[in-house]
Every structure is written in C-alpha cells, then in structure tokens.
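First comes the structure, then the notes that go with it.
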Amino acid sequence: MFVLNRCPTKDRIIRWGHQTSPTCLLCNRSDESRDHLFFMCHYSWSLWGSLAPRCGVQPQRAWDLVLTQIQSIGRNSTKGILLRLCWQGCVYWTWMERNARLHRQIYRSPETIERLLDRQIKDRILSYRQTNPSSSSRLMQQWVS
C-alpha cells in the first residue's frame with residue numbers, strides 16, 4: 001500500500017472530499033503525505049536515521065531515494081535482509097503511531113518506538129535460527145554491532 005501510495009494519508013483523504021486538518025499528527029509542522037511521513041517528518045526520521053546505519057547504509061530522507069537504496073542492495077544478502085526488515089518496521093511503527101494518535105489519542109516518543117522496533121527485529125532474526133542458523137547469526141551480529 002505504501003509503495004503504491006495507496007495509504008489513507010491526510011492529503012489523499014482531503015482529495016477524496018473529506019474535511020480534516022492536513023497537518024501531520026507526528027510533527028505538527030507540515031502537511032501529511034506519504035512522502036512527508038516517510039521520512040521527511042522529524043518523528044519518523046529520528047527512527048529511520050538512527051536505525052538504518054545499523055543495517056550498514058547511510059539513511060536517505062526522500063521516499064524515492066530510500067526505495068532506490070533498498071532495491072540496489074541484494075535481496076538475499078545480510079545487509080539487504082536487515083535493511084528490508086528495518087525499513088518495513090519503520091514504516092509499520094510510524095503508521096501505527098500516527099493511527100494511535102488519530103484514533104486513541106495515545107502518544108509515544110520516538111525512543112519508545114525505537115525500542116519496540118529493535119525488539120521486533122531481534123525477534124524476527126531469532127525466528128530464522130531453526131531454518132538457517134548461520135544466517136540468523138550473521139544478521140544478529142550486524143544488528144547489534
């Protein structure tokens with residue numbers, strides 16, 4: 001949904017004719033769009049900017065540049081697997097935080113989300129131990145180093 005820009009961000013909701021404030025719920029500084037949420041928004045950038053280097057890449061802010069970067073790294077390489085896990089997690093948790101603020105008025109700091117994301121990635125890496133212990137070991141070494 002996000003890659004195809006089909007997620008119901010505020011810019012799309014307004015284009016559908018609904019009345020809503022266009023302001024980003026995470027930073028309250030800019031209008032919400034997919035490209036703003038991922039990763040121009042300072043909230044999501046604090047996640048992506050701190051976690052992407054753990055995957056061995058220099059983080060990019062622009063959506064198109066991030067996708068190009070992800071696609072340029074081998075899908076089955078340690079770096080590629082870890083980068084995709086991290087990117088998917090950042091997109092997921094950013095969207096979840098946005099929706100928690102919109103629907104339940106629950107606000108969490110980027111540091112809290114970063115801890116949740118770190119735990120999720122470690123758990124996912126550990127899930128590979130049964131089927132591919134050497135890959136699991138390489139992924140975990142890269143993630144914690």
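The values are calculated or read from the model by the stated rules, or taken from the named source; none is laboratory data. Please read these numbers as outputs of a predicted model, since none were measured by experiment. Methodologically, a virtual Cβ is constructed for each residue, glycine included, from the backbone with ideal geometry; neighbour enumeration extends over all protein chains shown. Keep in mind that these areas ignore ligands, DNA and RNA; they rest on the heavy atoms of the full protein, side chains included. Shrake-Rupley method; radii C 1.70, N 1.55, O 1.52, S 1.80 Å.
Identify the residue in region 71-127 that is in contact with a Lys or Arg (Cβ under 7 Å, 6 or more places away or on another chain) and among the β-branched types (V, I, T) and, among all such residues, is farthest from C24 (Cα to Cα).
T78
Restricting attention to region 14-51, report how many residues are in a helix (DSSP H, G or I), free of Cβ contacts under 8 Å to residues at least 40 places away in the same chain and open to solvent by less than 40 Å² (accessible area, probe 1.4 Å).
Matching residues across region 14-51 total 3.
Would you check if R104 is modelled with pLDDT of 95 or more and open to solvent by 50 Å² or more (accessible area, probe 1.4 Å)?
Considered against the rule, which asks whether it is modelled with pLDDT of 95 or more and open to solvent by 50 Å² or more (accessible area, probe 1.4 Å), R104 comes out as yes.
So for region 52-67 (the condition being under 22 Å from C7 (Cα atoms), of a type in the set (S, T, N, Q), modelled with pLDDT of 95 or more and in a helix (DSSP H, G or I)), does at least one residue qualify?
Looking through region 52-67, none of the residues is under 22 Å from C7 (Cα atoms), of a type in the set (S, T, N, Q), modelled with pLDDT of 95 or more and in a helix (DSSP H, G or I).
What number of residues within region 81-106 satisfy the criterion of being of a type outside the set (D, E, K, R), without any contact (Cβ under 8 Å) to a residue 24 or more places away in the chain and over 19 Å from D123 (Cβ atoms)?
Residues in region 81-106 being of a type outside the set (D, E, K, R), without any contact (Cβ under 8 Å) to a residue 24 or more places away in the chain and over 19 Å from D123 (Cβ atoms): 5 in total.
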